[in-house]
Amino acid sequence: MADFSDRKLGKDAQMRAAINQKLIETGERERLKELLKTRLMECGWKDQLRAHCKDVIRDKGLEHVTVEDLISEITPKGRALVPDNVKKELLQRIRAFLAQNTNF
């Protein structure tokens, strides 16, 4: 049973790598990154995350905060703050890309 599961995980990783490579080759990855950046700015995500950073630094004290501390504190919050409509829009764009590139 584990052998099947391991093979499936390996195939999934290969598929993700192939899709990522195609996104890079076509320039779609950069377009998606720019879209995400724009949408996050529009919804105030960056400002919310900046405020959270300030809170973490204030709570722990500037002398006691490392970059690693900030990353570990902010990453989950940053992911959680991405609005569902932004996630859905990106997913739709990726699906449309995959539909146009049917060799996947």
Quick one: is residue 85 closer than 29 Å to residue 17 by Cα, polar (S, T, N, Q) and touching a residue at least 60 places away in the same chain (Cβ under 8 Å)? no
Might you let me know whether region 12-22 holds any residue that is under 23 Å from residue 91 (Cα atoms), at pLDDT below 95, open to solvent by 70 Å² or more (accessible area, probe 1.4 Å) and touching a helix residue (DSSP H, G or I) at 6+ places or on another chain (Cβ under 8 Å)? no
Of the criteria (1) open to solvent by less than 70 Å² (accessible area, probe 1.4 Å); (2) modelled with pLDDT under 95; (3) of a type outside the set (Asp, Glu), which one residue 46 fails: (1)
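Could you go through region 49-71 and let me know if any residue there is open to solvent by 50 Å² or more (accessible area, probe 1.4 Å), among the basic types (Lys, Arg), in contact with a helix residue (DSSP H, G or I) (Cβ under 6 Å, 6 or more places away or on another chain) and assigned to a helix (DSSP H, G or I). If you could, list the steps in order and put the result at the bottom.
We begin by selecting, within region 49-71, every residue open to solvent by 50 Å² or more (accessible area, probe 1.4 Å); these are 50, 54-55, 57-60, 62-64, 66-68, 71.
When the remaining residues are screened for being among the basic types (Lys, Arg), the result is 50, 54, 58, 60.
Restricting the remaining residues to those that are in contact with a helix residue (DSSP H, G or I) (Cβ under 6 Å, 6 or more places away or on another chain) gives none.
Looking through region 49-71, none of the residues is open to solvent by 50 Å² or more (accessible area, probe 1.4 Å), among the basic types (Lys, Arg), in contact with a helix residue (DSSP H, G or I) (Cβ under 6 Å, 6 or more places away or on another chain) and assigned to a helix (DSSP H, G or I).
So how many residues does region 72-88 have that are assigned to a helix (DSSP H, G or I) and surrounded by 15 or more Cβ atoms within 10 Å (Cβ to Cβ)? Please lay out each step first, then the result.
Within region 72-88, the subset assigned to a helix (DSSP H, G or I) is 72-81, 84-88.
Still in the list and also surrounded by 15 or more Cβ atoms within 10 Å (Cβ to Cβ): 73-74, 78, 81, 86.
Here the count works out to 5.
The values are calculated or read from the model by the stated rules, or taken from the named source; none is laboratory data. Predicted model, so just to flag it, every value in this text is computed and none were measured. Because the Cβ atoms are built from the backbone with ideal geometry, glycine has one as well, and the counts that use them run over all protein chains shown. The area values use the complete protein model at the heavy-atom level, side chains included, leaving out ligands, DNA and RNA. Shrake-Rupley method; radii C 1.70, N 1.55, O 1.52, S 1.80 Å.
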